Amino acid sequence: MTVEQQTSSAPARRRTRRDEIIEIAVGLFAARGYHGVSMDDIGSAAGVTGPALYHHFAGKEAMLVAALIPVSEGLLEGGRARVAAHPEGARAALESLIDFHVEFALANPAVIALHLHELDRLPEEPRRQIRRLQRLYVEEWVNVLTDLRPELAAGEARVLAHAAFGLMNSTPFLGGEVERERRAALLREATLAALVGQR
């Protein structure tokens, strides 16, 4: 499941061959590292010749940009939609944000690995764009947290938000030992406890 499929504000679009190639490239980059994968490797996994990939992408760097920018856009769009859907209170908005991000994390471990390990491979402009989108997404969490917990300064809420992302983004890599629905429930419970404590 992609971020685009998880946002409630837009219907899922039909997957294209380009989407399939990006997904294959993301999996390879996450497994072997950016420098451990060639265009020929991606072409072989996708069932096309390496040179044929250049009809879709200028190179590996362009694939990385095409993979990461839509994810950051989708997180921001989805986060904003979750907050807007819960005008009745900050607690409901926070729980909805947690649900949204947990589902993203469990569905996209390879994308999370790319964000953690390969973002600095990007040229300055797309890297700055992704960082900006990420900051805006964090601020959605900060606004909800400071509404829910007025004793928190914005900087303190930001610390908690980043800690929550670390919690939600790390455990999807564990896999198999605990079934998916139970993993999601544990992640939601732990993240909510970390953000609101005994309140």
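The values are calculated or read from the model by the stated rules, or taken from the named source; none is laboratory data. Note that this is a predicted model, so its numbers are computed, not measured. Here the Cβ is made from the backbone with ideal geometry for all residues, glycine too, and neighbour counts use every protein chain on show. Accessible surface is based on the protein model in full, side chains and every heavy atom, while ligands, DNA and RNA are left aside. Shrake-Rupley method; radii C 1.70, N 1.55, O 1.52, S 1.80 Å.
Ignoring ligands, DNA and RNA, please state the percent of accessible area on the chain from carbon and sulfur, probe 1.4 Å. In the chain, the share of accessible area belonging to carbon and sulfur is 53 percent. For the options THR49, THR16, THR146, a Gaussian network treatment of the chain with springs between C-alpha atoms closer than 10 Å singles out THR16 as fluctuating the most.
Mean-square fluctuations from a GNM of the chain, with a 10 angstrom spring cutoff on Cα atoms, peak among GLY78, GLY89, GLY47 at GLY47. At full extension, ARG80 and HIS55 could sit 5.5 nm farther apart than now, given 0.36 nm per residue minus the alpha carbon distance. Extension gain, ALA190-ALA45: 0.36 nm per intervening residue step, less the Cα-Cα distance, totals 48.5 nm. Here the gap between ARG91 and SER38, fully extended at 0.36 nm per residue and compared with their Cα-Cα distance, gives a gain of 14.4 nm.
Taking every Cα-Cα distance in the stretch 18-121 and sorting them into 5 Å bins from zero, the calculated P(r) comes out as 2, 12, 21, 19, 14, 11, 8, 6, 4, 2, 0 percent.
For Cα pairs less than 8 Å apart in space and 6+ apart in sequence, what is the mean separation divided by the residue count of the chain, i.e. the relative contact order in percent? Don't jump to the answer; show the numbers that get you there.
Numbers: 189 pairs, mean separation 45.5, N = 199.
Dividing the mean separation by the residue count of the chain yields 23 percent.
Give the residue from ASN169, VAL144, ILE24 lying farthest towards the positive end of the charge dipole for the chain; charges sit on Cβ (+1 for Lys and Arg, -1 for Asp and Glu) and the dipole is referred to the Cα centre. It is ILE24. Highest mobility in the GNM of the chain, judged by mean-square fluctuation with C-alpha springs under 10 Å and restricted to LEU75, LEU186, LEU133, is found for LEU186. Using only Cα atoms and rounding to the nearest 10 degrees, what angle (0 to 90) does helix 17-32 make with the longest principal axis of the chain? Here the helix axis deviates by roughly 80 degrees. Taking all Cα pairs closer than 8 Å and separated by 6 or more residues, the relative contact order of the stretch 77-168 comes to 31 percent.
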